[in-house]
Amino acid sequence: MEQKVKFVLERLFEALSVRNSSEFCEMYKIKPNTLSTWKKRGTIPYDLILTISQNANISLDYIFGLNPKKEVQRLPSGLDDQETELLNSYRKLSIKKKEIYLFRIKADAIEAEEGV
């Protein structure tokens, strides 16, 4: 379990451009000994991770290592929940499916503009 916490923290540090634990602690008002306890116990408050993910616009898939790409996938700002869900679902599709759905969305948008 300690390795998982270490992995998650490494991902957070990378995504946030944080160089070390003390910088992370300062950024999120966490006492250094609290962070040390998390590492020793192999636990981390996931509500904090969720808050960081939402505030810094970092994919949870990236933080937990579910995204095979090394770069952080950031969502465009200003999306509502439905748009975010649509974008996240779209990213999981094959290239061929993406092309099909993109074509369909464009066709629907044209129809909407024309009042069809």
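The values are calculated or read from the model by the stated rules, or taken from the named source; none is laboratory data. As the structure is a prediction and not an experimental result, all values here were calculated from the model. Glycine gets a Cβ as well: all are built from the backbone with ideal geometry, and neighbour counts include every protein chain shown.
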Q) For the subset of the range 36-71 comprising residues that are in contact with a Lys or Arg (Cβ under 8 Å, 6 or more places away or on another chain) and assigned to a helix (DSSP H, G or I), which member is surrounded by the most Cβ atoms within 10 Å (Cβ to Cβ)? A) Ile63
**Q.** Identity of the residue in the range 14-35, touching a residue at least 12 places away in the same chain (Cβ under 8 Å) and assigned to a helix (DSSP H, G or I), that ends up nearest to Glu85 (Cα to Cα)
**A.** Ala15
Q: Run Ala107 past the list (1) in a helix (DSSP H, G or I); (2) modelled with pLDDT under 85 and report the number of the one that doesn't hold.
A: (2)
Q: Could you grab me the full set of residues in the range 1-59 that are among the basic types (Lys, Arg) and in contact with a helix residue (DSSP H, G or I) (Cβ under 9 Å, 6 or more places away or on another chain)?
A: Lys6, Arg11, Arg19, Lys31, Lys39, Lys40, Arg41
